[in-house]
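Laboratory data are not the source of any read-out in this text; all were calculated from the coordinates shown. Please read these numbers as outputs of a predicted model, since none were measured by experiment. Every residue, glycine among them, receives a Cβ derived from its backbone with ideal geometry; neighbour counts consider all protein chains shown.
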Amino acid sequence: MIRRWIQGHAAHTPDAPALGFEAQRLSYAALDRRIAAAAAMLTAQGIGHGDRIAFLGLNHPAQLILLFACARLGAIQVPLNWRLAAPELRFILEDSGAVALAATQEMREAARFAAPAGCTVLEAEATWPAAPMPPPTGEADDPVLLVYTSGTTGRPKGAVLDQQAVLFNALNAIHAFGLTAADRVLTLLPLFHVGGLNIQTMPALLAGAEVVLLPRFDAATFFAAIAEHRPTLTLLVPAVMQALVAHPGWQAADLSSLRAIGAGSSEVPLPLIEAFHARGIPVQQVYGATETGPVAICQTRGEALAAPGSLGQPALHGEARVVDPAGRELPPGEAGEIQLRGPHLARGYWGAPDPTAAAFRDGWFASGDVGRRDADGRFWFTDRLKHVIISGGENIYPAEVERVLRTAPGVLEGAVCGRPDPRWGEVPVAVVVPGEGFDAAAVLRHFEGQLARFKHPRDVVAVEALPRTALGKVQVEALRAIARGG
């Protein structure tokens, strides 16, 4: 159970460094005291077992403190993407039934706009007075994280991760990265994603290592943090890797403290892997999804050097297979859907039995991704069954964007797909049939305040008619060809 992690380290190594953030340095004993105070505060608010507490803010120790407090009380944290617009945040808060929303100072106004009736806004950065720890009630099978991921229906779905799933995910990561108490992990990816939270940050705290948090990514800040803190591990996505390699400080930066980096969220281009390998830093790929914790397939350091570009092999506590459309497992070399199984999986989607039944079949999670397994047991990514656009590590689902596009002025009909982009991997593009008063710039402005900025189409391509099948469905590949040409 994760509720015991910090208490255990505080008992055995109280003075060991646990969390660093700006000028703050918390030992494991100090972190344990902060968690006890937060748990006491939540209890005083009437929050307890099964209640949902949302968090809105840039990377901050408060999120981790509240997460461990929730684990001790059997409550559930709902991390919120601070890039979302107020209507999107409100939907998640209402769907999850959050009774409280803890917000950092820079997000307090957004929190007040988003919080529905009955959802108390708390100051996440408040210093709560020391208080005795309420009796712990959180158990291994209690949900502790409710992480929302966009769905193909255009509405986010909340993946329910219990304490056991977070534990086994951390064990998978500890094995893959060889994490020990001697490590120092630099966390710069957002903690509202299971990637930023669960691939290295939480595993490091289970191992008794130190975590240094950066509020958000900035290339210059990253290089400065490497020089100051000398981390042994960090986690990146392709867009961040590209920004670092292209930065003027890349060649001169002393990266020798890093024994490896983790990478994932989308296919990592081989030239980026080679750029890091040329600096003596193996790129260990991690494959998974919000629904898998996410560590499901991964590379060790040796595997990263032996097979650059592969996803690796099934995580230590997990299974993976490639199946045909009928669900039959395929032999090595044949491409099919990647399916995943293990104690690190989510138990399903919050309040959504039908999507849960569709995605979790006989204990296996259907990833929606196409891949193959080679003769050595390594998995390789091929393509996506789903139409997800992955832009800078963020998932964008066309249906969600199309709901807003349909209300844009001068648009008779439209569809959204991804266009390859050298910086972001992909960017969303709207392909529309124009009507009276159509103006492409006005269509782009229409998304302001309705969706997070990273979901906004970067371009509008006008066509006489959308490409459709005989049954009237939009032909996605033809749409993508139009977007590329536009």
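Counting only DSSP H runs of at least 4 residues, each contributing -39500 (n - 2.57), and dividing by the residue count of the chain, the helix-based mean residue ellipticity at 222 nm comes to -8500 deg cm²/dmol. Since only 28, 440, 119 are under comparison, the one whose Cα sits farthest along the positive direction of the charge dipole of the chain, derived from C-beta charges on Lys, Arg, Asp and Glu, is 28.
The phi-based Karplus calculation (6.51 cos²θ - 1.76 cosθ + 1.60; θ = phi - 60°) puts the 3J(HN,Hα) values of the stretch 44-49 at 5, 7, x, 8, x, 3 Hz, whole numbers, x for Gly and Pro. Neighbours of residue 90, meaning other residues whose beta-carbon lies under 13 angstrom from its beta-carbon, give a summed charge of -1 when Lys and Arg score +1 and Asp and Glu score -1. The packing ranking of peptides 170-180, 38-48, highest mean first, is 170-180, 38-48, where packing means the average number of other beta carbon atoms within 10 angstrom of each residue. Only Cα pairs under 8 Å and 6+ residues apart enter the sum, and on that basis the relative contact order of the chain stands at 12 percent. For residue 484 and residue 105, the difference between the fully extended length at 0.36 nm per residue and the C-alpha to C-alpha distance is 132.3 nm. Per-residue extension of 0.36 nm, minus the Cα-Cα distance of residue 126 and residue 453, leaves a gain of 114.8 nm for this segment. In this Cβ point-charge picture (+1 for Lys and Arg, -1 for Asp and Glu), the chain has a dipole of about 200 debye about its Cα centre.
In a DSSP loop and with at most 13 other Cβ atoms within 10 Å, the GluC sites (Glu not before Pro) in the stretch 312-358 are 334.
Summary of the geometry: the stretch 155-205 and the stretch 68-102, compared by the centres of their Cα atoms, lie 19 Å apart. Charge tally around residue 364: other residues with Cβ under 13 Å, Lys/Arg +1 each, Asp/Glu -1 each, net -1. A Förster distance of 45 Å, applied to the separation of the beta-carbon atoms of residue 270 and residue 24, puts the FRET efficiency at 0.70.
Model label points for residue 90 and residue 221, set 7 angstrom from Cα along the Cα-to-Cβ axis, are 3.0 nm apart. Hey, got a sec? Which GluC sites (Glu not before Pro) in the stretch 408-442 land in a DSSP loop and have at most 10 other Cβ atoms within 10 Å? Sparse-neighbourhood loop GluC sites (Glu not before Pro): 436. The angle separating the long axis of helix 86-96 from the principal Cα axis of greatest extent in the chain is about 60 degrees. Phi angles across the stretch 327-342 convert, under the Karplus curve 6.51 cos²θ - 1.76 cosθ + 1.60 with θ = phi - 60°, into 3J(HN,Hα) values of x, 8, 5, 9, x, x, x, 9, 8, x, 6, 7, 10, 9, 8, x Hz, Gly and Pro given as x. For residue 361, the residues whose amide H sits under 5 Å from its own are 366, ignoring neighbours fewer than 5 places away on the same chain, with H placed 1.01 Å from N. Taking 17 Å as the cut-off, the amide N atoms of the stretch 188-205 that come nearer than this to a point 7 Å along the Cα-to-beta-carbon line of residue 175 belong to 199-200, 203-204.
Taking amide H positions as modeled 1.01 Å from N, with prolines and chain starts lacking one, the residues under 5 Å from residue 459 and 5 or more places away or on another chain are 430. Between residue 445 and residue 259, the modelled label-to-label distance comes to 5.5 nm, taking each label 7 Å out from Cα in the direction of the beta carbon.
Put simply, the amide H of residue 18, placed in the peptide plane, has neighbours under 5 Å in 26, 27, 28, leaving out anything fewer than 5 places away on its chain. The relative contact order of the stretch 389-485 comes to 28 percent, based on Cα pairs under 8 Å that sit 6 or more residues apart.
Under 12 Å from the Cβ of residue 412, count the other residues' Cβ atoms, weight Lys and Arg +1, Asp and Glu -1, and hand me the total. With Lys, Arg at +1 and Asp, Glu at -1, the neighbours total -2. Restriction of the trypsin sites (Lys or Arg not before Pro) in the stretch 1-31 to DSSP coil positions whose beta-carbon has at most 11 other beta-carbons within 10 angstrom yields no sites. Neighbour counts of other Cβ atoms within 10 Å put 257, 391 in the fewest-to-most order 257, 391. Along the stretch 356-372 the Karplus relation, 6.51 cos²θ - 1.76 cosθ + 1.60 evaluated at θ = phi - 60°, assigns HN-Hα couplings of 5, 5, 6, 8, 10, 10, 6, x, 9, 8, 7, 6, x, 9, 9, x, 9 Hz to successive residues, with x for each Gly and Pro.
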